[in-house]
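The values are calculated or read from the model by the stated rules, or taken from the named source; none is laboratory data. Quick caveat: nothing in here was measured; it's all calculated off a predicted structure. Because the Cβ atoms are built from the backbone with ideal geometry, glycine has one as well, and the counts that use them run over all protein chains shown. All accessible areas refer to the heavy atoms of the entire protein, side chains included, with ligands and DNA or RNA removed. Shrake-Rupley method; radii C 1.70, N 1.55, O 1.52, S 1.80 Å.
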Amino acid sequence: MPKEQATYSHGHHESVVTSHARRTVHDSAAFLVPHLKPTDHILDVGCGPGSITADLAALVPQGRVVGVDAVATVLDQARAFAQDRHLTNIEFEVVDANALPYPDATFDVVYCHQVLQHVRDPVGILREMRRVAKPGTGVVAAREADYGAFAWHPADPQLSRWGELYYAQGVASGGEPNAGRFLHAWARRAGFALEHTQTTVTSWCYTGERARQWGDMWADRAVHSGFATVVKDKGLGTQEDLEAVSRAWADWATKEDLFFNVPSTEILYRVPAASATPT
């Protein structure tokens, strides 16, 4: 059975999980929502703390949602989150997405969000996602950020340094931080025919209080999360470098007229009836 070879460089520090738990189906999967049916059986790959997964479950009250992640501890938080929302049509399982433990044609919808940027073989995982989607009616959807296209104001040399370090540690961990620009090509290599694939780009655009939260979050993550560990372990930067980046984020969060933009590419693939499994 294939095993993931890349390292999830973000890690699961509280600052990371708290940030991910703010994500909703409306800011992270709005392109998918019009295609959902109340009876759908959905697989959410790399679900993390489960906030998007729970939103999906609420949208398919006669269906069922399975959230999978490679890390058991984060799934404990996902289960607690779903329980707090009194959702009974949802379950969570520890799974390596390189070898999904489900038969062919199991799910109506297979979705992943900000997962492929962290893996060694995104094409292989997309093939697995397609394999377990139902031919003729199934949908495979993915959304991936492009860190090289981030934009922010006000500018700061240390935030530019943060961008350099983010890209370097992502690549050193075995992933591709600029996944958004590659997603459509990965999908084609996975057998997703162009005529059945919709490609769009949307953004998280942060201003005001939400931008301040982003800056404060990265002030913490820059020195305490897996990001910091990888930067130091791979010899990409020093503790002093990370502390300078952290101070810059903390200072940035106090400014006026804050702006931060995170563009993501989205693909939505309708599995054709004649091709349940790519060749």
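How many residues, within segment 243-279, are in a helix (DSSP H, G or I), free of Cβ contacts under 8 Å to residues at least 60 places away in the same chain and crowded, with 17+ Cβ neighbours inside 10 Å?
Counting residues in segment 243-279 that are in a helix (DSSP H, G or I), free of Cβ contacts under 8 Å to residues at least 60 places away in the same chain and crowded, with 17+ Cβ neighbours inside 10 Å gives 1.
Which one is farthest from G174 (Cα to Cα) among residues in segment 121-142 that are open to solvent by less than 50 Å² (accessible area, probe 1.4 Å) and assigned to a loop (DSSP other than H, G, I, E, B)?
It comes out as G136.
Tell me the residue from T238, T207, T254, T265 that is within 21 Å of the chain's Cα centre (by Cα) and among the polar types (S, T, N, Q), please.
Every option except T265 fails the conditions.
Can you tell me which residue among G174, G215, G235 is assigned to a loop (DSSP other than H, G, I, E, B), open to solvent by less than 40 Å² (accessible area, probe 1.4 Å), farther than 22 Å from V25 by Cβ and not β-branched (V, I, T)?
Details: G215 fails: assigned to a loop (DSSP other than H, G, I, E, B); G235 fails: open to solvent by less than 40 Å² (accessible area, probe 1.4 Å).
After applying the criteria, what remains is G174.
What do you reckon, is I42 buried (at least 17 other Cβ atoms within 10 Å of the Cβ), touching a Lys or Arg at 6+ places or on another chain (Cβ under 8 Å) and touching a residue at least 60 places away in the same chain (Cβ under 8 Å)?
Values: buried (at least 17 other Cβ atoms within 10 Å of the Cβ): yes; touching a Lys or Arg at 6+ places or on another chain (Cβ under 8 Å): yes; touching a residue at least 60 places away in the same chain (Cβ under 8 Å): yes.
Yes, satisfied.
Could you run through segment 145-170 and say how many residues are within 21 Å of S225 (Cα to Cα) and in contact (Cβ under 8 Å) with a residue 40 or more places away in the chain?
12
Is it the case, given these coordinates, that Q5 is open to solvent by 40 Å² or more (accessible area, probe 1.4 Å), at pLDDT 95 or above and of a type in the set (S, T, N, Q)?
no
What is the number of the single condition among (1) under 30 Å from F107 (Cβ atoms); (2) open to solvent by 20 Å² or more (accessible area, probe 1.4 Å); (3) among the small types (G, A, S) that G208 does not meet?
So the condition that G208 fails would be (1).
Which of the residues belonging to segment 143-161 are surrounded by fewer than 18 Cβ atoms within 10 Å (Cβ to Cβ), touching a helix residue (DSSP H, G or I) at 6+ places or on another chain (Cβ under 9 Å) and among the aliphatic types (A, V, I, L, M)?
A149
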